[in-house]
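S.K.: Sharing a structure here in structure tokens format.
We did not get these values from a lab; they are worked out from the coordinates using the rules stated. In this text, all values refer to a predicted model and were calculated from it rather than measured experimentally. We place every Cβ from the backbone using ideal geometry, glycine too, and count neighbours over all the protein chains shown.
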């Protein structure tokens, strides 16, 4: 069953720091939609990634004393790690420092300039560094950024501008003709009333006051404004080509079916981005969905408030699927959701332990107890069965309808309704009483069969939202999960089927005990997060002549691979400019080979060769201990290979 193509994207995460649980909500939401569409018979392309240019990143890198590239490499790795921790099934992880992306963005900028949509001028106005956005005096709120509320700075510099006003009427008409283009409805009204109707001002699309960005190739003192760079990721990574030689993914999947973004960046995606596409003569995405925020207690997460929660901490405390379930079920379609540990514990106990876990465990256990795990004659049907079976057949249709509207929370509620009905069915049919009466054996067989079928259908429907839990349920059922057609029929488990062994999916949590555990968990993490300066034992002093004996050179990593039978060693082929070297380094615990290839590292080049695991190592790569059990290579990507450090 193939219902056609479906292309979903998230906004690309800005690499200024580690993403918190609010940022992570978006990738989990997109993953649930992508997984559901695959289950529902669609050919899905799911794209996410990182936005890696801009003044803020340049400043962060300078503060850290490293190159911007090294800085974004580290943060992009952190983002990818969290996305993977949350078990997200993206197909493309876009990074805007990708060279092909940069070249295509340069060509796009040049084309728009040559056709008169971009012109050179001078910018004077207020600039918000964190948001990479310009504002007029009238747009400021109490003299601060209207989007994030932070301080703005006065900027005056030569810049290129895009003629947004040229496309204003065309965009307004497009939104009127395509009522589902901006969703939810309230977001659309906000864009029309606050931005389009008052009139669009031309957009600054280049900067000269910093260098960390894609250069304008015909005027290299300018770098391309981060939004024109970042937004184009949606077409560059599938393979858009300015000359029309598009890649297969672009030809197959564009336009995107939905851009899933946070409501705070709706303006960029529903005004700037469609106008850029119109200027290029390209189809617009079918829908831009501005999802709500996840609040902690009663406020938006921020480091300044000290209320930031990270996904990897939550999953360590509660498990991946429990966190996924809460994010997907407890954040409404159009309004902000709230996360506290108390609410999370309550949801796990009520829905996952009581309703889902209890139903699965007692059904499998009773099948084992009364029939040795094997279902036989299940043909003693009674009228009380009809309501459960009917709901089993209606629920997939209801879930599909909700998911078509991206109402993920409502879709999950439909599944929970079915599970609740199944638990009520257990109480109505009293299988523990039927099990005491040999003459009721066929009836008991039928009751348990109906419950097993309900669990099979429910677990399949839950799989996009809780993939690991669905796998565990099917293991207990001793079945392979089917596709969408398997949830449209009741009665697919064959006669004579034997279930697996029961196991607890979600144990009930003692709230007081768990909150104490949470407090201790964060206390244990606090010293590492405060990044206190470690006490390093001092070695005997050396003279300058001793230090002068050490030659430090910059080398480019040409090849890197694991050393067989060694858990610690990586083998490098390094290019020092005038020669290549083989060097072994005991950093395999902290780096994968592909994370290092292409980077410049610092090497002690006159170290006496040594044999490690039977292989010769001619030098030593410099790295630093950055905390307990954390080692980081010192990259020198800003230096030419072969350079000698003085």
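S.K.: So how far, in whole Å, is the C-alpha centre of segment 431-509 from the one of segment 592-646?
M.R.: The distance from the Cα centre of segment 431-509 to that of segment 592-646 comes to 54 Å.
S.K.: Further question on the same structure: Å³ per residue of the Cα convex hull, for segment 59-144? Write out the running numbers ahead of the final one.
M.R.: On the way: hull volume 16.8 nm³, N = 86.
So the per-residue Cα hull volume is 195 Å³.
S.K.: For segment 22-97, what is one quarter of the convex hull surface built on the Cα atoms, given in nm²? Each step should come with its number before you reach the end.
M.R.: Working: hull surface 21.6 nm².
That works out to 5.4 nm², a quarter of the Cα hull's surface.
S.K.: As a footprinting exposure proxy, order 206, 409 by other Cβ within 10 Å, with the fewest listed first. Working shown, then result.
M.R.: On the way: 206 25, 409 17.
Lowest count first: 409, 206.
S.K.: Could you list 469, 270, 104 in order of exposure, starting from the residue whose Cβ has the fewest other Cβ atoms within 10 Å? It would help to have the intermediate numbers written out before the result.
M.R.: On the way: 469 24, 270 27, 104 21.
Exposure proxy ranking, most exposed first: 104, 469, 270.
S.K.: Can you pull the three principal axis extents for the Cα set of the chain, in Å, largest first?
M.R.: Each principal axis gives a Cα extent; for the chain these are 95, 70, 49 Å.
S.K.: So what's segment 82-233 giving for Cα Rg divided by 2.2 N^0.38 Å, two decimals? Walk me through the intermediate numbers first.
M.R.: Numbers: Rg = 17.3 Å, N = 152, 2.2 N^0.38 = 14.8 Å.
Compared with the compact-globule rule of thumb, segment 82-233 sits at 1.17.
S.K.: Now for a separate question. If I take all pairs of Cα atoms in segment 426-584, what percentage of them are more than 26 Å from each other?
M.R.: Numbers: 8422 of 12561 pairs.
Tail fraction, whole percent: 67.
S.K.: Another one. Taking Rh as the Kirkwood radius computed over C-alpha pairs, what is the Stokes-Einstein D of segment 340-487 at 20 °C in a medium of viscosity 1.002 mPa s, expressed in µm² per second? Mind dumping the intermediate values first?
M.R.: On the way: Rh = 16.0 Å.
The estimated diffusion coefficient comes to 134 µm²/s.
S.K.: Rounded if a/c is under 1.5, else prolate if a/b is larger than b/c, else oblate: which is segment 188-244, with a ≥ b ≥ c the root eigenvalues of its Cα gyration tensor? Please report the intermediate quantities before stating the final value.
M.R.: Details: a/c = 2.63, a/b = 1.39, b/c = 1.89.
The shape class here is oblate.
S.K.: Another question, then. For segment 544-633, what is the Kirkwood hydrodynamic radius in Å, using each pair of distinct C-alpha atoms?
M.R.: On the way: mean 1/r = 0.0739 Å⁻¹.
Roughly 13.5 Å, rounded to one decimal.
S.K.: Please report, for the Cα atoms of segment 11-156, the Rg to one decimal and the Dmax as a whole number; what are they, in angstrom?
M.R.: Rg and Dmax of segment 11-156, Cα atoms, are 18.3, 53 Å.
S.K.: What ranking do 418, 574 get, fewest neighbouring Cβ atoms within 10 angstrom at the top? Before the final figure, lay out each step's value.
M.R.: Numbers: 418 22, 574 25.
Exposure proxy ranking, most exposed first: 418, 574.
S.K.: Then there's this: Give me the percent relative contact order of segment 326-461, please, defined on Cα pairs under 8 angstrom at least 6 residues apart.
M.R.: Working: 110 pairs, mean separation 46.9, N = 136.
Computed value for segment 326-461: 34 percent relative contact order.
S.K.: Determine the percent antiparallel among the DSSP beta bridges restricted to the chain, to the nearest 5. Working shown, then result.
M.R.: On the way: 49 of 72 bridges.
If I count the DSSP bridges inside the chain, around 70 percent turn out antiparallel.
S.K.: Next question, about the same structure. Along each of its three principal axes, how wide is the spread of alpha-carbon positions in segment 344-420, in whole angstrom units, largest first?
M.R.: 42, 31, 19
S.K.: Here is a follow-up. Quick one: grab the alpha carbon gyration tensor of segment 144-269, order the square roots of its eigenvalues as a ≥ b ≥ c, and give me rounded if a/c is under 1.5, else prolate or oblate depending on whether a/b is larger than b/c. The partial results should precede the final answer.
M.R.: Numbers: a/c = 1.76, a/b = 1.06, b/c = 1.66.
The shape class here is oblate.
S.K.: Hey, what did the chain get for relative contact order, percent, Cα under 8 Å, at least 6 apart? Please list the in-between numbers first.
M.R.: Details: 1050 pairs, mean separation 74.2, N = 646.
So the answer I get is 11 percent.
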